[in-house]
Each structure stands twice: as structure tokens, then as C-alpha cells.
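This report refers to the structure that appears directly beneath it.
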Amino acid sequence: MASNNEREPDVDAEAGHGGVQSVDRALAVLEILARDGHAGVSDIAEEMGIHKSTVSRLLGSLVSREMVHQNSERGKYQLGFGILRLASSIPGRLSLVREARPVMEALADQFKETVNLAVLRSNYAVNVDQAMGPSTLATYDWVGSLTPLHATSSVKVLLAALSADDRDRILTETGLPARTPRTITNRKDLETELITVARDGYAVTREEFEIGINSMSVPVYSHLGTVIGAISISGPAFRFDPEKEPGLADGLKDAGLQVSARMGYTRR
């Protein structure tokens, strides 16, 4: 029989805290996966400073709840669709998806590219719906994907709508990690761009989140006039330049206002 000194420290700590520490660690795992996209057991254990066996137990629980799933090819873990289920259960979010759907489909059909709807979730944005245009080259499903609040057009729209204090808190906590060589990683440069976003009513990114992808996004407003989401249209950089696409900025703004009107927003 093993002595107390031979027990794994993490197990004792978890038991002593009545499971609260396990919950905190599980949330930390989700944050790591949201930030990095995917990670292995060893990577997570090293960052958190805990045993790999503890990380494996946490991941097992998260997998059973569909919060996380394992990539069979590489054995690494990434966020699962259970995250989307939780985000979509927030009051008002499901109705936003329902009201935005026909507008998104019309937009995708008009401009022949992919249209996404994103909402804010903690320090990230989550894509809650997607409409595929007929010219879309890839069939990647962005629904449920979490993105950092500085590297895509949708998240810039959401970030620009926050108060200065909330924006400062989020950017201080998350930092500005580079996703590609074109990602804005300087805080002053980002703040300058967000002023432009607020002024122009739309945001543009060119290969900042993923090489080869450009996008443009506009806000969606609630009946109170607050930004509750962002609609974006994206396409391959070799053929899609958002600000040179005829009628795109006006068409996208009109789509945002259509969805906003469906949510009870009235322009004053």
C-alpha cells in the first residue's frame, strides 16, 4: 500500500478542495485550447505545471461532455461542439441565429463567398452560424470556432464596440499573439485601427488570421442599440479584396442593419 508521501500531489490537492480546483483546471484547459487551437497532453501539463495523468483525466471528462474532442490523426485535443451548445443557450443568441440566417444566405448567394455570424464569449469570439457561397473553394465549417479578439474582421468589430475598460482588460489578459506575419501585434496599432472601424462601420482583415484569407465584417445591434454580433464575408486572397469588391461594403452594412432590425433595432 502506498504511503501518503507516494500519492500524486495533484490528486490530494483536488480532493482537499472538494473538486473546485478540478473545475478551475478544466477551465484552464479550455482556455489553452481556445488560444492555441489544439494541444497535446504533454503541452497542457507543462504549461499548467501539473502531472500528465491529471491532464488526461480532465480531458477525459471534457471529451465525455463534448467540450473537447481528440484529433485522431495527431492525437491532439481541440474544442468541441459542446462549447457552441453552451454559447448558443445564452438568452437571445438562438434568436439571433434564426433571424440572421436568411440574410446571411442571401448575402452568400449575392457575393458568392462564405458568410459567418460571430458573437462575443468571454475573451474570445465564437462563430455561431455560417452560410456557404457557391464560389467557396473550401468547405471548412467555422461554426463553433473560437477566435482571439484582434485577428479577424468580426472580432475587431466586437472589440471596437467594447468600453475602453473592457477592451483594456481583455487585451491585457490575452495579449496580441501573431497568427500570421500580417497579424497586428502592437497595441497602439490595433487601437488606431479600432478607431477606424468605429468610424467606418466595418472592419477588414487581409491574411491576419490565416494566410490566403481576407474578410470584411459589420456589427449587428440589439433593440437597445448595443452590438450583439458581427456578420462577416470572407474569401481567398487571390480573388477577394474586400474594399475593392463592388458593392460589398454597402451590401454588408445593409445586411447588418437588416438583421439588427429583426432584433428590434431602430436607427435614431
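Out of 191, 173, 210, one residue alone is part of a helix (DSSP H, G or I), at pLDDT below 90 and within 22 Å of residue 123 (Cβ to Cβ). It is 173. Selection of the stretch 124-163 for residues being surrounded by fewer than 18 Cβ atoms within 10 Å (Cβ to Cβ), modelled with pLDDT under 90 and small (Gly, Ala, Ser) yields 135, 138.
Of the residues making up the stretch 42-73, those that are in a helix (DSSP H, G or I), closer than 25 Å to residue 125 by Cα and of a type in the set (A, V, I, L, M, F, W, C) number 6.
The values are calculated or read from the model by the stated rules, or taken from the named source; none is laboratory data. Since we're looking at a predicted model, the values are computed, not measured. Glycine also receives a Cβ, built like all others from the backbone with ideal geometry; neighbour counts cover every protein chain displayed.
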